[in-house]
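Take a look at the structure below.
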Amino acid sequence: MQNRLPVFSLSSYGAGWSANRRIAIIAGVVAVLLAIAGIVAVLTGGGNGHQAPETAAPAPANSPSASKAARNPSSVSGSVAAPPQIAEPVAYAKAVAQMLWSYDTRDTSRDQQLAGMHAWMTEETEYADWVSVSGQVPDPVLWSRMADQDQHATAHVTEGHYPGAFKQALAEDPTAITEAYIYVVTVNGKQQIVWKKDGAGAEKRAVTLAVQCRPDHDCTLAAIAPSVTQ
């Protein structure tokens, strides 16, 4: 029987948004989406500031690694994929999920992982919740343990869609989104994790994302919701 080692997934859906950032994001969205009660429920449901176990305090958005990644992500992000040039919310959200569920501790440091992820974020600070994204990365000690075991993961995204509450809200007021252009998308898929001595495991994954897709601009990531909404 295989000696199963402890593994960590970069998809810790219980990782909550910080209270101040969550309030700021919700306030900004609600100010322009007064008629969209469903979107508020999607973005705040199940959060309560809960943090995932065994995760470090996230790096600030203006950390050296994050700033460097924003200028030239390919130079510091290791195996983290660069953000694609996609202007459609569901397609971009699927690419984000693929990035979140894929990592390789064999050639990527924790700082590189964070820098690569930061490159996907929106530069509009009133909507960017870096805490919810960086909170997906384990603390330095756990990352080192993962690296000792050559742990790496690949992902297969099966589908992405707008949650029902979001679609209903848009149907009730299609113009309400035109201030922030924040879209809520849920993505489903599977993650395959591999480590030394033929260790391996596969798990189904799901995540709800807030992505910003302004007209005539590529999409960016705004936040990861604290719970999955289908």
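The values are calculated or read from the model by the stated rules, or taken from the named source; none is laboratory data. Keep in mind that what you see is a predicted model, and the values were worked out from it rather than measured. Glycine gets a Cβ as well: all are built from the backbone with ideal geometry, and neighbour counts include every protein chain shown. With ligands, DNA and RNA removed, areas are computed over all heavy atoms of the protein, side chains included. Shrake-Rupley method; radii C 1.70, N 1.55, O 1.52, S 1.80 Å.
Looking at residue 176, is it of a type in the set (Gly, Ala, Ser) and at pLDDT below 95?
Criteria met by residue 176.
Filter region 164-188 down to the residues that are surrounded by fewer than 21 Cβ atoms within 10 Å (Cβ to Cβ) and outside any helix (DSSP H, G or I) and list them by number.
Within region 164-188, 173, 174, 175, 179, 181, 188 qualify.
Of the residues 81, 61, which single one is open to solvent by 50 Å² or more (accessible area, probe 1.4 Å) and at pLDDT 95 or above?
The match here is 81.
Is at least one residue of region 89-101 among the small types (Gly, Ala, Ser), touching a Lys or Arg at 6+ places or on another chain (Cβ under 7 Å), modelled with pLDDT of 95 or more and buried (at least 24 other Cβ atoms within 10 Å of the Cβ)?
So far as region 89-101 goes, no, none of its residues is among the small types (Gly, Ala, Ser), touching a Lys or Arg at 6+ places or on another chain (Cβ under 7 Å), modelled with pLDDT of 95 or more and buried (at least 24 other Cβ atoms within 10 Å of the Cβ).
Which residue pairs have Cβ atoms under 9 Å apart, sit 6 or more places apart or on different chains, and have a first residue in region 92-106 that is under 14 Å from residue 222 (Cβ atoms) and a second that is open to solvent by 20 Å² or more (accessible area, probe 1.4 Å) and not in a strand (DSSP E or B)?
Qualifying pairs under 9 Å: 92/83; 92/84; 92/86; 92/218; 96/83.
Considering every residue within region 134-145, establish whether at least one is modelled with pLDDT under 95, in a loop (DSSP other than H, G, I, E, B) and of a type in the set (A, V, I, L, M, F, W, C).
Within region 134-145, not a single residue is modelled with pLDDT under 95, in a loop (DSSP other than H, G, I, E, B) and of a type in the set (A, V, I, L, M, F, W, C).
I'm trying to understand the selection: among the residues of region 201-216, which are part of a strand (DSSP E or B) and in contact (Cβ under 8 Å) with a residue 60 or more places away in the chain? It would help to see each step written out before you state the result.
The initial filter retains those residues of region 201-216 that are part of a strand (DSSP E or B), namely 201-212.
Of everything in region 201-216, those that are part of a strand (DSSP E or B) and in contact (Cβ under 8 Å) with a residue 60 or more places away in the chain turn out to be 201, 203, 205, 206, 207, 208, 209, 210, 211, 212.
Of all residues being open to solvent by 60 Å² or more (accessible area, probe 1.4 Å) and more than 20 Å from residue 158 (Cα to Cα) in region 189-204, which is modelled with the highest pLDDT? Just the residue, please.
196
Of everything in region 217-230, what is assigned to a loop (DSSP other than H, G, I, E, B) and modelled with pLDDT of 95 or more? Give them in sequence order. Reasoning before the result, please.
Narrowing region 217-230 to residues assigned to a loop (DSSP other than H, G, I, E, B): 217-219, 225-230.
Those that are assigned to a loop (DSSP other than H, G, I, E, B) and modelled with pLDDT of 95 or more: 217, 218, 219.
Residue 114 fails exactly one of the following numbered conditions: (1) closer than 19 Å to residue 81 by Cα; (2) in a loop (DSSP other than H, G, I, E, B); (3) touching a helix residue (DSSP H, G or I) at 6+ places or on another chain (Cβ under 7 Å). What is the number of that condition?
(2)
Regarding region 144-162, can at least one residue be identified that is touching a residue at least 40 places away in the same chain (Cβ under 8 Å), closer than 23 Å to residue 219 by Cβ and surrounded by 23 or more Cβ atoms within 10 Å (Cβ to Cβ)?
no
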